[in-house]
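Quick notes on the structure that follows.
Readers should treat all values here as calculations from the given coordinates under stated rules, not as data from a laboratory. Just so we're clear, the structure is a prediction, and the values are computed from it rather than from any experiment. Here the Cβ positions follow ideal geometry from the backbone for every residue, glycine too, while neighbour counts run over all protein chains shown.
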Amino acid sequence: MGKTYDMLADGRRRAALGGDVVIGFMEDHGREPTRRMAEGLETVPRREMTYRGARFTEMDLDAVLARHPEVALVDELAHTNVPGSRNAKRWQDIDELLRAGVHVVSTVNIQHLESLNEVVENITGVVQRETVPDEVVRRADQIELVDLSAQALRRRMEYGDIYPRHKVADALTHYFREGNLTALRELALLWVADRVEEALQRYRGEQGIQTPWATRERVVVALSGGAEGTTLIRRGNRIAQRGAGGELLAIHVRRDDGLREAPSETIARQRALVERLGGTFELVTSDDPAAAVLEFARGVNATQLVIGASRRGRVKSLLAGKGVGTSIVEGSGDYLDVYIVTHEEAAHGRL
């Protein structure tokens, strides 16, 4: 079953445990299993409205507020209300319920998230007119993914469980092609995985946990500002891509004293490359580059750290003491793997 069915099932579980649950708005789309799941739950009557001579029904926000249940089930978060409603969007109605102290269980399709609007259009060729700001969904106390493989969803369509049978053939050859559904499923999995990661980072911060947890590959590339940076970035990106959901981050440390400053145009080019590869770039200022890199890597829960081989010759290293790379390796500890990448610039180190 789908997200509306799961929302109703959640409402029934809450009600069975003694919770005060009502259906504020539910769209059954003519599906008998969904209608049966709603049986036994109190439903607040809809508000009838007229717009341009046509009759519509919307959630009666005032009636739900007056009823003031413990939990309201409100379907279709991204829905656009009929003109003349108090709020333009249903998520704004839900905001009012939340401010009044009513807990809300709602539903949304991944294609309706604002940040994914253009991506979804590129995949499906369909412009989504109804969207909801990502921040609205991110504020939820809990996000549950209702997942189904592309093949299983297409079988449900063929059985007439989703659309009337006369619409099935057209839907299966257009929007509901297997490739489209697989891509949308991946978007949903990745978006929810990012929210889980955010929750994990909050927990680690609240608990004061410093040890990296390798829940996903997170690769930090340390950039000195030299020409070798491009090589390091591409190597780091390949490492990040080895596992699903790998993340690329780059850091450049600018010294407090302003000495040995890297050319700004080089850093700008490297930053642009990181961003083209889907990574993020961090610029920090410190008089201890090695400590700054390690602090950043631990702060983002990095699993891998990529640095360039030293450009200093052996004699210079003996005279000047440990370099940044050596300090990073020695300070990396047991939970952070350090990759030292050779490059053309290192080969030119002089005695």
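Observations on the model:
- If you look at the Cα atoms of the range 203-243, you get an Rg and a Dmax of 13.9, 40 Å.
- Over the residues of the chain, the helix contribution to mean residue ellipticity at 222 nm works out to -13000 deg cm²/dmol, using -39500 (n - 2.57) for each DSSP H run of at least 4.
- Considering only GluC sites (Glu not before Pro) in DSSP loops that have at most 12 other Cβ atoms within 10 Å, the longest stretch of the chain without any of them is 40-260.
- Global form of the range 175-305, assessed from the alpha-carbon gyration tensor, a/c cut-off 1.5: oblate
- Karplus-derived HN-Hα couplings along the range 332-342 (A = 6.51, B = -1.76, C = 1.60, θ = phi - 60°), whole Hz, x at Gly and Pro: 6, x, 8, 10, 10, 7, 10, 9, 9, 9, 6
- Gyration tensor (alpha-carbon) shape descriptor, the range 112-218, a/c threshold 1.5: prolate
- Residues of the chain were split at every exposed loop site, defined as trypsin sites (Lys or Arg not before Pro) in a DSSP loop with at most 13 other C-beta atoms within 10 angstrom, and the longest piece left, sites excluded, is 140-241.
- Between residue 207 and residue 16, the modelled labels are 3.1 nm apart [label points 7 Å from Cα along Cα→Cβ].
- Rounded, prolate or oblate (a/c below 1.5 giving rounded, otherwise prolate when a/b exceeds b/c) for the range 1-49 by Cα gyration tensor: oblate
- The range 3-205, Rg to Rh (Cα coordinates; Rh as Kirkwood inverse mean 1/r): 0.96
- For the range 172-178, 3J(HN,Hα) computed residue by residue from phi via the Karplus equation (6.51, -1.76, 1.60; θ = phi - 60°) reads 5, 9, 10, 4, 9, 4, 4 Hz, glycine and proline entered as x.
- Antiparallel %, DSSP beta bridges [both residues in the chain], to 5: 15
- Computed extension length for residue 167-residue 129: 11.6 nm, one decimal, from 0.36 nm per residue of separation with the Cα-Cα distance subtracted.
- Paired Rg and Dmax values of the range 20-98, which use every Cα atom, in angstrom: 12.7, 37
- With the gyration tensor restricted to C-alpha atoms of the chain, the semi-axes of the equivalent ellipsoid amount to 53, 23, 18 Å, longest first.
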